[in-house]
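No lab work stands behind these numbers, since they all come straight from the coordinates. All values derive from a computational prediction rather than experimental measurement. A quick note on method: Cβ atoms are made from the backbone with ideal geometry, for glycine too, and the neighbour counts reach across all protein chains shown.
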Number of protein chains: 2
Amino acid sequence: MIIDRLYQLANERGPICIGLDTKLDFIPDYLAKNKTLDLNEKIFKFNKAIIDCTYDLAACYKIQIAFYEAQGVQGIIAYQNTLSYIRSKENIVIADIKRGDIFSTAEQYAKAHFSGDFEADFLTVNPYMGIDAIQPYFPYLDTGQKGLFVLVKTSNPSSKDFQELICENKPLYLHIAKKIEEWGEKYIGKSGYSAIGSVIGLTYPEEFSEVKKVARHTFYLIPGYGAQGGIGKDLAKIFKKEFNGIVNSSRGIIAAHKGIDETESFVNITRKKVIEMKQDIDQWQ
Amino acid sequence: MIIDRLYQLANERGPICIGLDTKLDFIPDYLAKNKTLDLNEKIFKFNKAIIDCTYDLAACYKIQIAFYEAQGVQGIIAYQNTLSYIRSKENIVIADIKRGDIFSTAEQYAKAHFSGDFEADFLTVNPYMGIDAIQPYFPYLDTGQKGLFVLVKTSNPSSKDFQELICENKPLYLHIAKKIEEWGEKYIGKSGYSAIGSVIGLTYPEEFSEVKKVARHTFYLIPGYGAQGGIGKDLAKIFKKEFNGIVNSSRGIIAAHKGIDETESFVNITRKKVIEMKQDIDQWQ
């Protein structure tokens, strides 16, 4: 199962998820100023350079689709090519799409992002609409080749607005964490973790330990490292004997070269940043 | 302000929102079997035929992006062309995208769907991540030309899973409805309604009256009519002296011709279905 492969990679290489949240101003000058390239090529060639210099270090990549939608059809073509390239290198890719809609619409999202032009290995989904907004993804999970990460406690400051409301004696996010554990029972792999995981921000380590108590088979996608303020020390409380999650860093890695190296050799800085992230996490384990 | 225009159209023409949730098997044979057309052209030509035969009857159109994402890059091109065509006819279009993400990502979604290739007039958004996932859309609302519909109580059966949890003495969806009213205060137009509206399913008329008590300036996008089970009678409790919302019907209108008329004249059935929907709503007012 794909979740077992992700678990294995996280424990072999470190729980490193590289976020390809590619803004145009992250693209180094040697590509950005090349007049022979279309916009989709500039974005893809930048992503490809990052993938080529990190694919042996990363447990997986995460692509935030919003950054590609923001560039219109050209961005969508770059998104398609980036997904396809990561999968051709036999790396795992998470499409960070946070979709959530009624059954007949979720069927279309599942088809869109688990097959065809935009096929990814894992998707992020939003649970606000309940189980029938999640079920249409299950036929793909049945193959063993696909997985989900469902939002639980997000990394942003306003996640408190609704996620922390106390509903029937516990915060909303714990209700959701518990449901995810239930939904995921059917999809537990040899690693002991389910192909239905949770998204929990590194910015909330205490909430994390509450979630862990009700979600023993849940694997985590953990945003909030680096630019959002999370550091390796915060992970010590989450990870103990094993890495039962992956930690996403985006801007801290893919924008590190800006203003320092705008040539093809920018990838040396990228690779160094990934190694530093791994060391920062390892020192606390 | 755009919300005033939508209010005016809803009251002049009836609160009719036509949902372009275009599945490939809705496309009539005369287009589907035409070998000279690319997939994006088949989808767009079908949508265009529907728009051309209904643009004087509809208060607005809603495009569910999932159906286009499911067709890959070709679908996205059809999505772009459909949005652009509706706006060129001076009709209002709601992009039903239900996005929701942290501030820096929501900025990208706002740019993506309020400008450029995928520019729409209104967007649907998901409130689970709190106010900082909504704020990035506000600079566009400041222009008076854009609006939002935020999910409150969705039309699907599982909306009860989390939306009805009792949090601090009232259901979660009422907390959200109240916040939307607060967020929207700054954007109230001459009509008395705000450019930040709510999505509430017609399938939940009782919950609707609870929401109305805390949300006096909120305009509604109401899915659930037709194929999902809602009928005109249900609307009598929601609308009284005026249409302070729009009612979406998709499959009931755009798939009505299937198996009956597969030629260019299918639009006669489409138009008839819209007129019937209007009569069904009017008889209860």
| Hits in region A:154-177 (condition: touching an Asp or Glu at 6+ places or on another chain (Cβ under 7 Å), facing chain B (nearest Cβ under 7 Å), farther than 24 Å from A:Ile97 by Cβ and not in a loop (DSSP other than H, G, I, E, B)) | A:Ile166
| Residues of region A:1-24 being away from chain B (no Cβ under 14 Å) and basic (Lys, Arg), which ones? | A:Arg5, A:Arg13
| task | Considering each residue of region B:183-211, count those that are without any contact (Cβ under 8 Å) to a residue 60 or more places away in the chain, outside any loop (DSSP other than H, G, I, E, B) and among the aromatic types (Phe, Trp, Tyr), and give that number. | result | 2
| request: Test B:Ile180 against the stated conditions and say whether it is within 12 Å of chain A (Cβ to nearest Cβ), under 23 Å from A:Gly100 (Cα atoms), surrounded by 23 or more Cβ atoms within 10 Å (Cβ to Cβ) and in contact (Cβ under 8 Å) with a residue 24 or more places away in the chain. | output: yes
| task | Looking only at region B:30-62, count how many residues are within 14 Å of chain A (Cβ to nearest Cβ) and surrounded by 18 or more Cβ atoms within 10 Å (Cβ to Cβ). | result | 4
| request: Scan region B:212-244 for residues that are of a type in the set (A, V, I, L, M, F, W, C) and either in a loop (DSSP other than H, G, I, E, B) or touching a strand residue (DSSP E or B) at 6+ places or on another chain (Cβ under 6 Å) (or both) and report the count. | output: 8
| remark: B:Asp21 meets each of (1) in a helix (DSSP H, G or I); (2) farther than 29 Å from B:Asp142 by Cβ; (3) within 15 Å of the chain's Cα centre (by Cα) with one exception, condition (1)
| message | Can you pull out every residue in region A:94-109 that is over 17 Å from the mean Cα position of the chain (by Cα) and more than 7 Å from chain B (Cβ to nearest Cβ)? | response | A:Ser104, A:Ala106, A:Glu107
| field | Of the criteria (1) closer than 19 Å to B:Ile275 by Cβ; (2) not in a helix (DSSP H, G or I), which one B:Ala49 fails | value | (2)
| query | Is it the case that region A:222-238 has a residue that's within 13 Å of chain B (Cβ to nearest Cβ), crowded, with 19+ Cβ neighbours inside 10 Å and under 17 Å from A:Leu148 (Cβ atoms)? | reply | yes
| Only listed residue being under 23 Å from A:Arg251 (Cβ atoms) and of a type in the set (A, V, I, L, M), chosen from A:Ile131, A:Ile97 | A:Ile97
| Among (1) over 20 Å from A:Ile2 (Cβ atoms); (2) among the hydrophobic types (A, V, I, L, M, F, W, C); (3) under 12 Å from the mean Cα position of the chain (by Cα), the one test that A:Ile63 misses | (1)
| remark: The condition of being without any contact (Cβ under 8 Å) to a residue 40 or more places away in the chain, buried (at least 20 other Cβ atoms within 10 Å of the Cβ) and either among the acidic types (Asp, Glu) or within 12 Å of chain A (Cβ to nearest Cβ) (or both) holds, among B:Ile27, B:Ile65, only for B:Ile65
| task | Considering only region B:69-88, state which residues are in a helix (DSSP H, G or I), within 9 Å of another protein chain (Cβ to nearest Cβ) and surrounded by 22 or more Cβ atoms within 10 Å (Cβ to Cβ). | result | B:Glu69, B:Gly75, B:Ile76
| task | Can you work out which of the residues in region A:255-285 that are of a type in the set (Val, Ile, Thr) and in a loop (DSSP other than H, G, I, E, B) is farthest from A:Asn244 (Cα to Cα)? | result | A:Thr263
| query | Within region A:243-263, is even one residue under 21 Å from A:Thr124 (Cα atoms), buried (at least 20 other Cβ atoms within 10 Å of the Cβ) and without any contact (Cβ under 8 Å) to a residue 60 or more places away in the chain? | reply | no
| query | Scanning region B:116-153 for residues that are acidic (Asp, Glu) and at the interface with chain A (Cβ under 9 Å from one of its Cβ atoms), which turns out farthest from the chain's Cα centre (by Cα)? | reply | B:Asp132
| task | Give the residue that is farthest from the chain's Cα centre (by Cα), with candidates limited to residues of region A:32-46 that are part of a loop (DSSP other than H, G, I, E, B) and basic (Lys, Arg). | result | A:Lys35
| message | Conditions first: (1) surrounded by 20 or more Cβ atoms within 10 Å (Cβ to Cβ); (2) of a type in the set (Phe, Trp, Tyr); (3) outside any strand (DSSP E or B). A:Phe149 passes all but one, so which condition is the exception? | response | (3)
